[in-house]
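Here is the structure we will look at.
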Amino acid sequence: MEQAQVKKSQAGFWGNLALWKKILVGMVLGVIAGSILGPDAEVLKPIGTLFINAIKMLIVPLVFCSLVVGVTSMQDTRKMGRIGVKSVAIYLGTTAVAISIGLGLATLLTPGEGLNMAATAAASEAKEAPTLVQTILNLVPKNPISALAAGNILQIIVFALGLGVALNLCGEKAKPAIAVFDSLAEAMYKLTELVMKLAPYGIFGLMAWVAGKYGLDILLPLFKVIAVAYIGSLLHVLVFYSGVIKFVGRLNPIPYIKGLVNPAAVAFTTTSSSGTLPATIKCAREEMGVSKGISSFVLPLGATINMDGTALYQGVAALFVAQAFGIDLAFADYLTIILTATLASIGTAGVPGAGLIMLSLVLTTVGLPMEGLAIIAGIDRILDMARTSVNVCGDLMVSILVGRSENELDTEVYNNTGEVYGRTSEEAA
Ligand code: ASP
């Protein structure tokens, strides 16, 4: 303890600052640097890319090992099934709410009005939706090694679940293998902690690049649609998620809001919820008190199928396009948008810009012009930052809720989020 204090006092002001504060400093300095340098801020991007690469490096081994450990620590397969069904149901329900918020706000604030665009022939090809049978067949990897190599999270989940269940069934003989996965998973958590120390610098580089690239002249004409998407995102996290935590989870939502700063900042700047996964898992375990078993199952699943921010954005974008082109939508069209966007958001990969591609699906389903995509594409990164943050905050909220309902949430850790926040796991212990 004394040694830790000596180390602390030697670390200086920056060294003693909690991680989330460093991240915020990195963001602000990044915006300032980007505004001063303009497009030249691109030279700072490699710092961000280095951070993204480092965090991506963690995803496959972290998800795989922690999921196997999650299953072997659970033993009870009925419980696993229950947790799966519960998570998917909450994921879908919250997504439908997100898109309704998007549609409601876009109807109220009319971001596309006055743009008077005229549609010509379809400009780009719409993405085809995969069939249900195809989707189900694709869940099972023919070759788990190539699923791991390709980083196909859903296939990795299926294989890890199968392996975990098999290890449980083997009994005594499987103990050494379980111990290996256990210690590898611990090492991956440790590596995540080390990589997260790079976050403030990586985030600085990424913010500088974005701020330098999108000057005010690009953003101003589309200011309204950006504002609507951001207001919707804030409402969804601060009002809806907090409300669910309070009224369904019967927990104080403040620790949740305090705790989500790190993963949300990583999501905001990397625009990839899969890429943010290591930070999300670390936060759920250390800051929110969600058990290893729940967090290692619910979060990778969420990062692949739960995209509330993307759904909200699709609602806003679809109405924006309709308004910009002066097309009236009927009530049935709204329902179609809700349904397609919910399904499209499940199919959206947690990578930068994926939501824009899925938007083509929503636009074609309700017969809106594809040129709308082109307008949105110009500012998609800015919108992606908001929607990815919401995606990640949603995953975190569901892990808390499921943890709470299964008695696998340490409320003491959860309620102390503000105090232990930013410390390393050793210091917090
Ligand atoms: N970038 C988003 C994510 O990773 C997906 C999207 O483009 O909507 O969550």
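Does residue 42 satisfy being open to solvent by 70 Å² or more (accessible area, probe 1.4 Å) and outside any helix (DSSP H, G or I)? Considered against the rule, which asks whether it is open to solvent by 70 Å² or more (accessible area, probe 1.4 Å) and outside any helix (DSSP H, G or I), residue 42 comes out as no.
Residue-wise test of (1) among the small types (Gly, Ala, Ser); (2) over 24 Å from the mean Cα position of the chain (by Cα).
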residue: 294; (1), (2): no, no
residue: 314; (1), (2): no, no
residue: 317; (1), (2): yes, no
residue: 326; (1), (2): yes, yes
residue: 351; (1), (2): no, no
residue: 357; (1), (2): no, no
residue: 377; (1), (2): yes, no
residue: 382; (1), (2): no, no
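Using the structure shown, decide if residue 409 is open to solvent by 10 Å² or more (accessible area, probe 1.4 Å), modelled with pLDDT of 90 or more and within 22 Å of residue 86 (Cβ to Cβ). The answer is yes for residue 409.
Quick check: anything in the range 108-116 open to solvent by less than 80 Å² (accessible area, probe 1.4 Å), assigned to a helix (DSSP H, G or I) and of a type in the set (Gly, Ala, Ser)?
Keep residues of the range 108-116 that are open to solvent by less than 80 Å² (accessible area, probe 1.4 Å), which gives 109-112, 114-115.
Going one step further and asking which of them are assigned to a helix (DSSP H, G or I), we end up with 109.
Now narrow it down to the ones that are of a type in the set (Gly, Ala, Ser): none.
Looking for residues that are open to solvent by less than 80 Å² (accessible area, probe 1.4 Å), assigned to a helix (DSSP H, G or I) and of a type in the set (Gly, Ala, Ser), one finds none in the range 108-116, hence no.
Of all residues in the range 227-285, which are outside any helix (DSSP H, G or I) and within 14 Å of the ligand (Cβ to nearest atom)? The answer is 271, 272. Selection over the range 322-356 of residues that are under 17 Å from residue 131 (Cα atoms) and part of a helix (DSSP H, G or I) gives a count of 9. Entry remark, the range 166-180: residues being in contact (Cβ under 8 Å) with a residue 12 or more places away in the chain and open to solvent by 40 Å² or more (accessible area, probe 1.4 Å) number 1 in total.
For residues that are of a type in the set (Val, Ile, Thr) and open to solvent by less than 80 Å² (accessible area, probe 1.4 Å), scanning just the range 7-39, find the one that is modelled with the lowest pLDDT. Per the criteria, the residue is 23.
Filtered by the rule that a residue be over 22 Å from residue 262 (Cβ atoms) and of a type outside the set (A, V, I, L, M), the range 195-244 gives 212, 213, 214, 215, 217, 221, 223, 224, 232, 243. For the range 392-403, state whether one or more residues are surrounded by fewer than 24 Cβ atoms within 10 Å (Cβ to Cβ), in contact (Cβ under 8 Å) with a residue 40 or more places away in the chain, among the small types (Gly, Ala, Ser) and farther than 30 Å from residue 358 by Cα. Within the range 392-403 (the criterion being surrounded by fewer than 24 Cβ atoms within 10 Å (Cβ to Cβ), in contact (Cβ under 8 Å) with a residue 40 or more places away in the chain, among the small types (Gly, Ala, Ser) and farther than 30 Å from residue 358 by Cα), the answer is no, since none of the residues qualifies. Among the residues of the range 294-313, those that are over 26 Å from residue 344 (Cβ atoms) and touching a Lys or Arg at 6+ places or on another chain (Cβ under 9 Å) comprise 295, 296.
Summed over the range 239-269, residues that are open to solvent by 10 Å² or more (accessible area, probe 1.4 Å) and under 16 Å from the mean Cα position of the chain (by Cα) total 6. The single condition among (1) open to solvent by 40 Å² or more (accessible area, probe 1.4 Å); (2) within 10 Å of the ligand (Cβ to nearest atom) that residue 334 does not satisfy is (2). Taking the stated definitions as given, is residue 146 surrounded by fewer than 18 Cβ atoms within 10 Å (Cβ to Cβ), of a type in the set (Ser, Thr, Tyr) and at pLDDT 90 or above? Yes: the conditions hold for residue 146.
Among the residues of the range 181-208, the ones that are open to solvent by 30 Å² or more (accessible area, probe 1.4 Å), assigned to a helix (DSSP H, G or I) and either in contact (Cβ under 8 Å) with a residue 12 or more places away in the chain or touching a strand residue (DSSP E or B) at 6+ places or on another chain (Cβ under 6 Å) (or both) come to 6 in all. Would you confirm, using the coordinates I've provided, whether residue 373 is closer than 28 Å to residue 107 by Cα and either of a type outside the set (A, V, I, L, M) or within 16 Å of the ligand (Cβ to nearest atom) (or both)? When the stated conditions are applied, residue 373 passes them. Considering the range 294-325, the residues that are out of contact with any Phe, Trp or Tyr (no Cβ under 9 Å at 6 or more places or on another chain), open to solvent by 10 Å² or more (accessible area, probe 1.4 Å) and more than 21 Å from residue 379 (Cβ to Cβ) include one that is farthest from the ligand (Cβ to nearest atom), namely 297.
So in the range 343-370, with the set limited to residues that are open to solvent by 30 Å² or more (accessible area, probe 1.4 Å) and more than 15 Å from the ligand (Cβ to nearest atom), which one is farthest from residue 272 (Cα to Cα)? If you could, list the steps in order and put the result at the bottom.
Within the range 343-370, the subset open to solvent by 30 Å² or more (accessible area, probe 1.4 Å) is 343, 346-347, 349, 351-352, 356-357, 364-365, 367.
Then keep just the ones that are more than 15 Å from the ligand (Cβ to nearest atom); that gives 364-365, 367.
Values: 364: 25, 365: 26, 367: 29 Å.
The qualifying residue farthest from residue 272 (Cα to Cα) is 367.
The values are calculated or read from the model by the stated rules, or taken from the named source; none is laboratory data. From a predicted model like this one, the values you see are computed outputs, not experimental measurements. Every residue, glycine among them, receives a Cβ derived from its backbone with ideal geometry; neighbour counts consider all protein chains shown. Ligands, DNA and RNA are excluded from the accessible area calculation, which covers all protein heavy atoms including side chains. Shrake-Rupley method; radii C 1.70, N 1.55, O 1.52, S 1.80 Å.
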